[in-house]
1. Among the listed residues D216, D208, identify the single one that is modelled with pLDDT of 95 or more, within 23 Å of the chain's Cα centre (by Cα), among the acidic types (D, E) and within 16 Å of H100 (Cα to Cα).
2. Those residues that are among the acidic types (D, E) and open to solvent by 40 Å² or more (accessible area, probe 1.4 Å), I need them from region 225-236; list them, please.
3. What number of residues in region 218-270 are assigned to a strand (DSSP E or B) and charged (D, E, K, R)?
4. Which of the residues that make up region 287-332 are over 20 Å from A55 (Cα atoms), modelled with pLDDT under 95 and aromatic (F, W, Y)?
5. Check A282, A370, A278, A295 and return the single one that is surrounded by fewer than 16 Cβ atoms within 10 Å (Cβ to Cβ), within 21 Å of T259 (Cα to Cα) and of a type in the set (A, V, I, L, M, F, W, C).
6. Can you pull out every residue in region 308-349 that is open to solvent by 40 Å² or more (accessible area, probe 1.4 Å) and among the hydrophobic types (A, V, I, L, M, F, W, C)?
7. Please find, within region 131-147, the residue that is most open to solvent (accessible area, probe 1.4 Å) out of those that are among the aliphatic types (A, V, I, L, M) and assigned to a helix (DSSP H, G or I).
8. Going by the conditions given, is L6 under 24 Å from L273 (Cα atoms) and in contact with a strand residue (DSSP E or B) (Cβ under 9 Å, 6 or more places away or on another chain)?
Amino acid sequence: MTRPVLANAPARRLFLHRHQLGQAPAGPGKGADLLALIGRLGFVQVDSVNTLARAHDMILYTRRPAYRPAHLSQAIQCDRSLFEHWTHDASVVPTAYLPHWRLRFSRDAERLRGRWPRWQGEAFLAELEQVRAHVTEHGEVSSADLKAAEAEKSTGWWDWHPSKAALEYLWRSGELAISRRQGFRKYYDLTERVLGWPDPPPEAETLDWLMAGALDRLGFATSGELAAFWDIATPAEARDWARRALAAGQVEEIEVEGTDGKRRRSLARPGTLAEAAALPPAPPRLRVLSPFDPALRDRARAERLFGFHYRIEIFVPAPKRVYGYYVFPLLEGERMVGRIDMRAERDSGTLAVSRLWPERGIRFGQGRIARLEAELERVARFAGLERVRFGSDWLAAPK
């Protein structure tokens, strides 16, 4: 059987457009515009690292330069049009998706109920009931409000006291929602008081919504990639959905070409190749991406499509790092052109650039450096900084 082939260049273009990077960065970045942007992405990952700006803020700023963190807080804490929960990691999700998230709640509850008591000990189960009763009676709380004895020794990745674990479990299982943040501290209340408690649709309807939504946001994908997008459906459920969708003519199989010329069988909507061919080129502007940008979340796919090998090195010991602690990828048009190590020095109001590594075959001549400097000036202003300072040996040779 001969399958249609989506060549690498139009595949990149389609992928960037689906991730809202194929258009010029513009728009108010707040209210309905912000909500629509996050809906088109599906969700935005939340991360606490703040060497320059939080990951979710960088993701949104890259697409909407007028965006400011207060706009996201307004949507979450006042408008309640967004809520925080889990996809592959902690994320901000449109509240309109809450009915389908009931499946996530039930599956997380079942999985964690079997695992966490072994991790936290029997004190966790007792604390679970106490925390549930406390929040029901008194309203929102943070883990700092629930004083409990610290664990005598490490029982997992964190030394969480039982009330902290109970809060996290009740949040993951959907009984509690994050009502607000103070800094990066989370406050929880009953979900029905924060967001309401819609009835769940039938499981089959939610699975169809998950798979179709993942494909529409990725443009093309394997069944495994569809399952991994929201991280709710199982790989077996995604394969079953793909078989049914193929039989019904809702999707077709295509071959997607990587930078190395190799082809990967994928699912796509009928007409995807024609759509990709008709899309305008991405604007040539050079953009700083968050390491957690949705376009780079699947590192293997980013390497296949863009030839860009990226690994975050936060947890790598400093002597073993290839690049740096928190290095930002650089996108120019439809190519990944480098990565840059920089951080905010807030005491002096400076964006300090330590090092830039061009990708192989990319030269940073005067024109590209000027475009980079202009982008860094914009990023610095977004981060509340006054100036950009380059280190003496900031431009490295390609690796």
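1. Sole residue among the options that is modelled with pLDDT of 95 or more, within 23 Å of the chain's Cα centre (by Cα), among the acidic types (D, E) and within 16 Å of H100 (Cα to Cα): D208.
2. Matches in region 225-236: D231 only.
3. 7
4. none
5. Step by step, each of A282, A370, A278, A295 is checked, and only A278 is surrounded by fewer than 16 Cβ atoms within 10 Å (Cβ to Cβ), within 21 Å of T259 (Cα to Cα) and of a type in the set (A, V, I, L, M, F, W, C).
6. First, the residues of region 308-349 that are open to solvent by 40 Å² or more (accessible area, probe 1.4 Å): 309, 311-312, 315-323, 325, 335, 343, 345-348.
I312, F315, V316, A318, V322 - these are the residues of region 308-349 that are open to solvent by 40 Å² or more (accessible area, probe 1.4 Å) and among the hydrophobic types (A, V, I, L, M, F, W, C).
7. A133
8. For L6, the condition - under 24 Å from L273 (Cα atoms) and in contact with a strand residue (DSSP E or B) (Cβ under 9 Å, 6 or more places away or on another chain) - is met.
The values are calculated or read from the model by the stated rules, or taken from the named source; none is laboratory data. All values derive from a computational prediction rather than experimental measurement. All Cβ positions, even for glycine, are placed from backbone atoms using ideal geometry, and neighbour counts span all protein chains on display. Side chains included, ligands, DNA and RNA excluded: accessible areas come from the protein's heavy atoms. Shrake-Rupley method; radii C 1.70, N 1.55, O 1.52, S 1.80 Å.
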